[in-house]
Amino acid sequence: MKKIGIAITDASDWTAVALADSLRKKGIEPCVLNLCHAEAGIANGTEYRVNGTDLAGLDAIIVRDMGAGKNEAVTFRFDILRQLENEGVLVANPPAAIQNAANKYHSSYLFSKAGLPAPRTKAVQDTDSAMKVLASFGDAVLKPVFGYKGIGIVRIRNGNIIRPDGTKDPGSAPELVSSLLEEKGMLYIQEFVENTGKDTRAFVVDGEVVGAIYRKAAPGWWLNNLSQGGSAHRCTLTPEQSGMCEKAAEAIGAVYAGVDLIEGPGGSMLLEINGTPSGAGIYRAWGINVADHIVKAVMERL
């Protein structure tokens, strides 16, 4: 019997529960792991444990959630997963793929190398450069390079800060930019794509789109994320869109991924990719359980 772990931090998370249920349907009792509790010991060899579970004794680990924390702690967890890979444990997604997806700047580079269309993007490290980019774009969003769920995204249109609900913020754009640079040291700026108030999230597993949804913004809002008040609706992709999503997942090296598209005046473009996506929205819209597809992909690799 195969020994498979699921890395989670929230035991009630829909995707984590679905992955555990999918493994049980295969006759496998999953080892539930919180990587925030991982320990490593190094002597003549190395051992890795989470609450007594020997990670090197597992056949595979499905990563739903790496866990939040300070840079050294998160780096340590990635190091453990990389080392387990080297020792023959299958990790899905591979830590390199999760890191590629988590870094918006680097994933944009990978999309460009793969010839995939995306909004104009600039990365800068000083206020003057940032303000010149914002002026040239006219309407732009500043995104945390390492961000999720739409948290921390800022929109600046013609020098005005635009709140997520579409209203104007009285704050100063240069002051905001300087503050963000002081906090982060660099800015990732992307041209805002005029759209119909929705974007598309496709779920790719093992090189194929298994389902897609529209994420519609709340009335008047420009942020479409489900965690920011957006709602999920059924979406059927065109063959061209499916191909883009599948190529994006391949570009970052993912077994499974959530790929976000936006429909602009010139057609579909890639916004970003998630290497630890939730399957809840697609299940609610379509009844498609992506966890079954992920478990199948993992089992076929063992």
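The values are calculated or read from the model by the stated rules, or taken from the named source; none is laboratory data. Please read all numbers here as calculations on a predicted model, not as lab measurements. Quick reminder, even Gly has a Cβ in these numbers, built from the backbone with ideal geometry, and neighbours come from all protein chains shown. Keep in mind that these areas ignore ligands, DNA and RNA; they rest on the heavy atoms of the full protein, side chains included. Shrake-Rupley method; radii C 1.70, N 1.55, O 1.52, S 1.80 Å.
Take region 282-295 and flag every residue that is touching a residue at least 24 places away in the same chain (Cβ under 8 Å) and open to solvent by 10 Å² or more (accessible area, probe 1.4 Å). Let's see the steps before the verdict.
Let us first name the residues in region 282-295 that are touching a residue at least 24 places away in the same chain (Cβ under 8 Å), namely 282-286, 288-295.
If the condition is that a residue be touching a residue at least 24 places away in the same chain (Cβ under 8 Å) and open to solvent by 10 Å² or more (accessible area, probe 1.4 Å), then Y283, R284, A285, W286, I288, N289, D292, H293 are the ones that fit.
When residues of region 1-12 are filtered for being over 19 Å from the mean Cα position of the chain (by Cα), surrounded by 15 or more Cβ atoms within 10 Å (Cβ to Cβ) and free of Cβ contacts under 8 Å to residues at least 60 places away in the same chain, how many remain? Quick ask: steps written out before the conclusion?
The initial filter retains those residues of region 1-12 that are over 19 Å from the mean Cα position of the chain (by Cα), namely 1-5, 11-12.
Still in the running and surrounded by 15 or more Cβ atoms within 10 Å (Cβ to Cβ): 3-5.
With the extra rule that they be free of Cβ contacts under 8 Å to residues at least 60 places away in the same chain, the set shrinks to 3, 5.
Qualifying residue count, region 1-12: 2.
Looking at N93, is it more than 30 Å from E240 (Cα to Cα) and not β-branched (V, I, T)? Give the steps one after another, and end with the answer.
Numbers: more than 30 Å from E240 (Cα to Cα): no; not β-branched (V, I, T): yes.
So N93 fails the test.
Within region 116-134, how many residues are free of Cβ contacts under 8 Å to residues at least 24 places away in the same chain and open to solvent by 60 Å² or more (accessible area, probe 1.4 Å)? Give the steps one after another, and end with the answer.
Going through region 116-134, the residues free of Cβ contacts under 8 Å to residues at least 24 places away in the same chain turn out to be 128-129, 132.
Subset that is open to solvent by 60 Å² or more (accessible area, probe 1.4 Å): 128, 132.
Here the count works out to 2.
Name the strands (runs of 3 or more DSSP E) wholly within region 105-158 that hold at least 3 residues that are among the hydroxyl-bearing types (S, T, Y), over 28 Å from G67 (Cβ atoms) and at pLDDT 95 or above? Lay out the reasoning, then the answer.
On the way: elements: 121-124, 139-143, 154-157.
No strands (runs of 3 or more DSSP E) qualify here.
What are the residue pairs meeting all of these: first residue in region 181-205, first residue within 20 Å of E240 (Cα to Cα), second residue of a type in the set (F, W, Y) and at pLDDT 95 or above, Cβ atoms under 9 Å, and 6 or more apart or on different chains?
The qualifying pairs are F203/Y256; V204/Y256; V205/Y256.
A101 - would you say it is within 21 Å of A297 (Cβ to Cβ), at pLDDT 95 or above and part of a helix (DSSP H, G or I)?
Details: within 21 Å of A297 (Cβ to Cβ): yes; at pLDDT 95 or above: yes; part of a helix (DSSP H, G or I): yes.
In short, yes.
List the pairs whose first member sits in region 31-48 and is over 14 Å from F78 (Cβ atoms) and open to solvent by less than 50 Å² (accessible area, probe 1.4 Å), whose second member is modelled with pLDDT of 95 or more and among the basic types (K, R), and whose Cβ atoms are under 8 Å apart, counting only residues at least 6 apart or on separate chains?
Going by the 8 Å Cβ cut-off, the qualifying pairs are C31/K3; G41/R49.
Residues that are of a type in the set (S, T, N, Q) and within 23 Å of the chain's Cα centre (by Cα), at least 3 per element: which strands (runs of 3 or more DSSP E) completely within region 13-64 meet that? Don't jump to the end; show me each part of the working.
Values: elements: 31-33, 38-42, 46-50, 60-63.
In region 13-64, there are no strands (runs of 3 or more DSSP E) which contain 3 or more residues that are of a type in the set (S, T, N, Q) and within 23 Å of the chain's Cα centre (by Cα).
Out of the residues in region 152-168 meeting the condition of being of a type in the set (A, V, I, L, M, F, W, C) and touching a helix residue (DSSP H, G or I) at 6+ places or on another chain (Cβ under 8 Å), tell me which one is surrounded by the most Cβ atoms within 10 Å (Cβ to Cβ). Let's see the steps before the verdict.
Just the residues of region 152-168 that are of a type in the set (A, V, I, L, M, F, W, C), to begin with: 153-154, 156, 161-162.
Next, from what is left, pick out any that are touching a helix residue (DSSP H, G or I) at 6+ places or on another chain (Cβ under 8 Å): 154, 156, 161.
On the way: V154: 20, I156: 25, I161: 19.
Once the filter is applied, the top-ranked residue is I156.
Among the listed residues M244, M299, M269, identify the single one that is closer than 27 Å to Y109 by Cβ and in a helix (DSSP H, G or I).
M244
Go through region 186-196 and give me each residue that's among the hydrophobic types (A, V, I, L, M, F, W, C) and either open to solvent by 60 Å² or more (accessible area, probe 1.4 Å) or more than 30 Å from H233 (Cβ to Cβ) (or both). Step through it out loud before you land on a result.
The first filter runs over region 186-196 and keeps only residues among the hydrophobic types (A, V, I, L, M, F, W, C), leaving 186-187, 189, 192-193.
Result: M186, L187.
Given the condition without any contact (Cβ under 8 Å) to a residue 60 or more places away in the chain, under 17 Å from K296 (Cβ atoms), aliphatic (A, V, I, L, M) and in contact with a Pro (Cβ under 7 Å, 6 or more places away or on another chain), answer yes or no: does some residue in region 15-26 qualify?
Scanning region 15-26, I find at least one residue that is without any contact (Cβ under 8 Å) to a residue 60 or more places away in the chain, under 17 Å from K296 (Cβ atoms), aliphatic (A, V, I, L, M) and in contact with a Pro (Cβ under 7 Å, 6 or more places away or on another chain), so the answer is yes.
I'm trying to understand the selection: among the residues of region 159-204, which are among the hydroxyl-bearing types (S, T, Y), modelled with pLDDT of 95 or more and part of a loop (DSSP other than H, G, I, E, B)?
Of everything in region 159-204, just one residue is among the hydroxyl-bearing types (S, T, Y), modelled with pLDDT of 95 or more and part of a loop (DSSP other than H, G, I, E, B), namely S172.
Report yes if some residue within region 169-185 is surrounded by 13 or more Cβ atoms within 10 Å (Cβ to Cβ) and within 20 Å of the chain's Cα centre (by Cα); otherwise report no.
yes
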